[in-house]
């Protein structure tokens, strides 16, 4: 393999899964190389996890937003330790536990034959996917803790003094709402962001109200299948409408941004006919559940989710003629990236390793008869995979190997940096975040803390552009529309994004929507933007959204054009208009037949307010994030 | 860039069934744009000579110095199965490669000793017999990547990695090209081939090329002046798309109004491809200065469940493709003589089927070339063969660089030279008549 040797202190936890040929970091030498995950494989029974067992306590059926409820056993301390090294050790150990318990669970569970991954799909309760169940024990640490990384920068949240609060809000929310900047300044950005990083701690009445509009999103796959006809797109339309609604109205803004981010990173398109019954469970049980948790656990949960098994065909891949679709995208998009040095042979062997799954009745089923057996080598990973029963432990070990690769650390770090900092983020930042990822055993929170604490973020004003969905959400937020009481308003808002090319969750391929400006230089989308802003400001459409219209924009609208321009600027921009903004508004209004002065509450006054607001909402500052 | 997966139609606010929409957005646009409609109802002729006049508002629709010839690049995204579409039924190794999802000799329209056309292409059989449809087999690119993203990026750059523009941008760079010289239709986002500094238009639906604020309230020119001022110091990523969109509206609004009013039935298949080609035909007929039009047709990445030759996912997609193209030809009428459609795809499929009734990523492919000047009714290229020793890692070998196909159309029809593909010497295929 052409991969660079791992750096000292990085990725130590994966070496248990790797052959001696894979360079173990010196610091890790002799620590847990004997971790027995691939030793007992030949004798591991098929039922490696008891998917039908009770879930950990404290996972109530809270429906589609359960991912936002506290994890019963959070891997991250609620109050992060200031000492980032302690943080790293903590997370690394917990991941280690997962590996150990994976093997133990496999050995203990017993039983043979087909196992149905039923729990997440039938109960609506907390998910219990392959690795999740395996990792549910948090008890005794076995083995020697790995050596802490020499230095783990950025493990604690420490916002730079020169980070503008407005910039922070633009990046971690879907846009400013009236008063938000003042509120956050008053509370303190550090405290506010700490709350955002622990979304379960936040009250979210508006997000809850949206959740109540879509009670069906908590349905199990079995319930969906018993109530709807095959291929019905109801669940996916509801999911998309709720996604847009939460982006606009939820107080857990960062969480919603991350849900969109991970939904694209581990993309399963919605709507799509063949995941009609499972896609909403993927959202709840994979993305929302792990969005602020462990990347490794999210990856493992995605791999064997029926929605992913269906979309990338691993659920239809069997025997010695495997389907390569999932294996290729797993390497290229989900983990190490296309430049990691793997070749076509690696893809084919990874595909062989992932045979054995099928989707029956919307459930993921492991059928050992369809699992290819034989030694597998992919990049630096080897596994004897000697029996059909060894298939799932081998798959799990491979996913864990991939999640902990330095190349995966860079993939995740870079993508987060592209989301929050710049289209072409500094390598120094990416490397630093990758180290935090590795030191934290793939935990996402420490990476986010490091990212938000970075000088690169503070220095990145104007370097990110809103994509159509983000522009639309930002516009509705600044207009301060009431939370909808009618689902129709959200359906209309969601569907409105199709002509812009950015219907949320709908990107058709494995790589997710691009997040760089160069991919979105579309005149068609720009025209949609002009028209959607005009329509939202005027409250023409969507009619059931709780839009207030131009009359409500200003409490006491002035009686002449120039004063309206000033007042509207302060209202929608949050500041006085710049000279260029002021001049452009005057140009626009002078180009109409609207008079320069008007009677209070007249049609002319209302239209002047509306046009000035429309124009300012098309200003460069509103089109950037 | 954006497109919609197989079988998915983007939710259309005018569709009352999609989510119980109450008011069609299009209706709303029309109500808002009453003045615009009134001002253009006098346009009755099929060809509106935008190209030769300078609009009072804007010069965005200027024809430039194009010669009226249009290359339509149809991107079959996901990896087209050229082996199934133009099947080598005469190659003795073929049948055994795909025992379940094959295109067998008995099912095809036999076109020569080696090849037969998949029955899903039957709406185009007349075009083949009329000599306006040809295929080139063994077409591919130098890249050996089997990654959609990498292979697509290289296909659309169509030059060494040091070149930072896409090939369509390089066409738009030649001579005096107007805004519409390089236009994407259907998919709202521009493809990688359009990457580069020259302005281009993207038209999602032609009927939407309008403003929702009535012209009677705010003339388009006022929007253009005001937004021009507002974006004067903005980065080009912000300023360019809006500016191009408003120039596009200035040019296309009359056509948009007519398209919005056109409720007539036609034979285009339902879905994004039929909608896009219907709009392309409108633009071609109006002679607005098109040179290269890019259109996407997604949904070819059939790793599983491709179906049998007489029914299933692949057959359905081929039928939609063929029906859309055949309708496009009829719709264009005489204008078909100045249009050439070329299909491209990031890679082909592996020669052998996989274990889940589909095919994985392969290498060489078949390209379809369709137009009034095509020397059709035959398969071009050198057949590499599908016998075990002829395949490369299980894939069909590349014998014709796809740029040779594009270069020939660009050169023979559009009069565009070699600057489009720097460092590349195209092979001469003789696919199209010169002008």
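Please work out if residue A:515 is more than 18 Å from residue B:209 (Cα to Cα), over 24 Å from the mean Cα position of the chain (by Cα), more than 9 Å from every other protein chain (Cβ to nearest Cβ) and surrounded by fewer than 24 Cβ atoms within 10 Å (Cβ to Cβ).
Spelling it out, it is not the case that residue A:515 is more than 18 Å from residue B:209 (Cα to Cα), over 24 Å from the mean Cα position of the chain (by Cα), more than 9 Å from every other protein chain (Cβ to nearest Cβ) and surrounded by fewer than 24 Cβ atoms within 10 Å (Cβ to Cβ).
So, residue B:135, is that one free of Cβ contacts under 8 Å to residues at least 24 places away in the same chain and either outside any loop (DSSP other than H, G, I, E, B) or surrounded by 16 or more Cβ atoms within 10 Å (Cβ to Cβ) (or both) or not?
Answer is no for this residue.
Out of everything in the range B:247-278 that is over 22 Å from the mean Cα position of the chain (by Cα) and buried (at least 24 other Cβ atoms within 10 Å of the Cβ), what residue ends up being modelled with the highest pLDDT?
Step by step, filter the range B:247-278, then rank; the result is B:247.
Looking at the range A:421-494, what helices (runs of 4 or more DSSP H) fall wholly within it and have at least 2 residues that are under 26 Å from residue A:529 (Cβ atoms) and touching a residue at least 24 places away in the same chain (Cβ under 8 Å)?
The qualifying helices (runs of 4 or more DSSP H) are A:468-479.
Would you check which residues across the range A:583-625 are part of a loop (DSSP other than H, G, I, E, B) and away from chain B (no Cβ under 12 Å) and list them?
Correct list: A:595, A:596, A:598, A:599, A:600, A:601, A:602.
Can you tell me how many residues in the range B:176-220 are within 7 Å of chain A (Cβ to nearest Cβ) and part of a helix (DSSP H, G or I)?
Number of matching residues: 1.
I'm trying to understand the selection: among the residues of the range B:67-93, which are modelled with pLDDT of 95 or more and surrounded by fewer than 21 Cβ atoms within 10 Å (Cβ to Cβ)?
B:90, B:91, B:92, B:93
Within the range B:276-333, can you find the residues that are part of a strand (DSSP E or B), touching a residue at least 24 places away in the same chain (Cβ under 8 Å) and out of contact with any strand residue (DSSP E or B) (no Cβ under 6 Å at 6 or more places or on another chain)?
The answer is B:308, and nothing else.
Just to be sure I understand, how many residues within the range B:406-429 are in a helix (DSSP H, G or I) and surrounded by fewer than 18 Cβ atoms within 10 Å (Cβ to Cβ)?
3
Residue-by-condition table, conditions (1) more than 23 Å from the chain's Cα centre (by Cα); (2) buried (at least 17 other Cβ atoms within 10 Å of the Cβ); (3) touching a residue at least 12 places away in the same chain (Cβ under 8 Å):
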{"residue": "A:160", "(1), (2), (3)": "yes, no, yes"}
{"residue": "A:174", "(1), (2), (3)": "no, yes, yes"}
{"residue": "A:182", "(1), (2), (3)": "yes, no, no"}
{"residue": "A:186", "(1), (2), (3)": "yes, no, no"}
{"residue": "A:191", "(1), (2), (3)": "no, no, no"}
{"residue": "A:194", "(1), (2), (3)": "no, yes, yes"}
{"residue": "A:199", "(1), (2), (3)": "no, yes, yes"}
{"residue": "A:207", "(1), (2), (3)": "no, yes, yes"}
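Since residue A:399 meets every condition but one in (1) closer than 20 Å to residue A:194 by Cβ; (2) buried (at least 24 other Cβ atoms within 10 Å of the Cβ), which condition does it not meet?
Of (1) closer than 20 Å to residue A:194 by Cβ; (2) buried (at least 24 other Cβ atoms within 10 Å of the Cβ), only one is false for residue A:399: (1).
So residue B:97 passes all but one of these: (1) more than 29 Å from residue B:352 (Cβ to Cβ); (2) more than 22 Å from the chain's Cα centre (by Cα); (3) at pLDDT 95 or above. Which condition number does it fail?
That leaves (1) as the condition not met.
Out of (1) closer than 24 Å to residue A:523 by Cα; (2) modelled with pLDDT under 95, the odd one out for residue A:581 is which?
Checking residue A:581 against (1) closer than 24 Å to residue A:523 by Cα; (2) modelled with pLDDT under 95, the one that fails is (2).
Residue A:383 is checked against (1) at negative phi; (2) more than 12 Å from every other protein chain (Cβ to nearest Cβ); (3) under 29 Å from the mean Cα position of the chain (by Cα) and fails just one. What number does that condition carry?
(3)
I need the full set of residues from the range A:526-545 which are surrounded by fewer than 23 Cβ atoms within 10 Å (Cβ to Cβ) and outside any helix (DSSP H, G or I), in order please.
Across the range A:526-545, the qualifying residues are A:539, A:540, A:543, A:544.
Checking residue B:164 against (1) within 14 Å of another protein chain (Cβ to nearest Cβ); (2) in contact with a strand residue (DSSP E or B) (Cβ under 8 Å, 6 or more places away or on another chain); (3) part of a loop (DSSP other than H, G, I, E, B), which single condition isn't satisfied?
(2)
Report the residue count in the range B:361-397 for those that are more than 29 Å from residue B:69 (Cα to Cα) and out of contact with any helix residue (DSSP H, G or I) (no Cβ under 7 Å at 6 or more places or on another chain).
15
Does residue B:117 satisfy the criteria of being closer than 15 Å to residue B:314 by Cβ, buried (at least 23 other Cβ atoms within 10 Å of the Cβ) and in contact (Cβ under 8 Å) with a residue 24 or more places away in the chain?
yes
I'd like to check something: does the range A:496-517 contain any residue that is touching a strand residue (DSSP E or B) at 6+ places or on another chain (Cβ under 6 Å) and part of a helix (DSSP H, G or I)?
The answer is yes, given that some residue of the range A:496-517 is touching a strand residue (DSSP E or B) at 6+ places or on another chain (Cβ under 6 Å) and part of a helix (DSSP H, G or I).
Just give me the residues in the range B:235-258 being facing another protein chain (nearest Cβ under 7 Å) and in contact with a strand residue (DSSP E or B) (Cβ under 9 Å, 6 or more places away or on another chain), in sequence order.
B:237, B:238, B:241, B:244, B:245, B:248
Among the residues in the range B:223-238, are any under 25 Å from residue B:72 (Cβ atoms) and part of a loop (DSSP other than H, G, I, E, B)?
no
Can we say residue B:98 is more than 21 Å from residue B:406 (Cα to Cα) and surrounded by fewer than 20 Cβ atoms within 10 Å (Cβ to Cβ)?
Taking the combined requirement at face value, the residue does not satisfy it.
If you go through the range A:450-473 one residue at a time, how many are buried (at least 23 other Cβ atoms within 10 Å of the Cβ) and more than 14 Å from chain B (Cβ to nearest Cβ)?
6
Select from the range A:495-510 the residues that are closer than 22 Å to residue B:294 by Cα and in contact (Cβ under 8 Å) with a residue 40 or more places away in the chain and write down the one among them that is farthest from the other protein chains (Cβ to nearest Cβ).
Only one residue tops the list, namely A:497.
Among A:499, A:508, A:523, A:504, which is the only one that is at pLDDT 95 or above and surrounded by 18 or more Cβ atoms within 10 Å (Cβ to Cβ)?
A:504
Here are some conditions: (1) surrounded by 24 or more Cβ atoms within 10 Å (Cβ to Cβ); (2) over 24 Å from the mean Cα position of the chain (by Cα); (3) more than 14 Å from every other protein chain (Cβ to nearest Cβ). Residue B:351 meets all but one. Which one does it not meet?
(3)
The values are calculated or read from the model by the stated rules, or taken from the named source; none is laboratory data. All values reported here derive from a predicted model rather than from experimental measurement. Virtual Cβ from ideal backbone geometry, glycine too; neighbours counted across all protein chains shown.
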